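Remarks on the structure that follows.
The values are calculated or read from the model by the stated rules, or taken from the named source; none is laboratory data. Because the structure is predicted, anything quoted here is derived from the model rather than measured. Note: ideal-geometry Cβ built from the backbone for every residue, glycine included; neighbour counts use all protein chains shown. Heads up: the accessible areas ignore ligands, DNA and RNA and are worked out on the full protein's heavy atoms, side chains in. Shrake-Rupley method; radii C 1.70, N 1.55, O 1.52, S 1.80 Å.
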Amino acid sequence: MAFGGAVGTPPSALLEEPWQPFGVVDRSSFVNDTAIDFVGSFPTLHAVAYRASFAVLGHRDDARDCAQEALARALLRWNGIADHAQPWVARVATNLALDSARSHHRRAGRTAHDAVDTPARIDPVAEQRHDLVTALRALPRRRREAVVLRHLLGFPEADAAAAMGCSVGTVKSSTSKALDALRRSLGPDWKWSD
């Protein structure tokens, strides 16, 4: 066999049948139930990941990047997370967005409040988002995850617990402590307006 045909086969005959580099390959062996399940869940998971990332970053392109990375990680771990995929993807996307915001802050070498003409100074929603991200970053990881899953993304306690790998009681406790810390940090009159 030379390139899918027998030695001496005229080139025109090679074009008539598809070339198989390693002989005939059954492509169905590459697709399994796991991949089909992930593909079926993809639109919903992408929406969750994008929403979580955009809520933290406020920038569409950066949110798309975080959502894509979260979904790539979800695919690699699909067998272990399929039963609680939405909150897991939301948690990963949120953490990626917070990491992205942190690295952007480091690259800029200053905070948005230090600049005179930044969008945070012009747009009150951007300023609120900046304040919220700063306060969320100050929280311990488990508390941050709990409050984002429960209040920013609206997941039920059981789904948040499954995503975080803890009990519902831990989610309740972490959420309560996180909200107390956010109230202290942002002030009692702080309200999200979008």
Local electrostatic count, Met164, Cβ distance below 9 Å [Lys/Arg +1, Asp/Glu -1]: +1
Quick calc: nm separation of the 7 Å Cα→Cβ label points for His151 and Leu76 -> 3.2 nm
Stretched out fully, how many nm does the piece from Asp189 to Ala138 gain, at 0.36 nm a residue minus the Cα gap? 16.4 nm
For the range 152-194, what does the alpha-carbon gyration tensor say about shape, rounded, prolate or oblate, given a ≥ b ≥ c as the root eigenvalues, a/c under 1.5 as rounded, and a/b over b/c as prolate? oblate
Result for the range 150-194: accessible area per residue, probe 1.4 angstrom, in square angstrom, of 59 Å²
Per-residue accessible area, 1.4 Å probe, largest first, puts Thr170, Thr44, Thr175 in the order Thr44, Thr170, Thr175
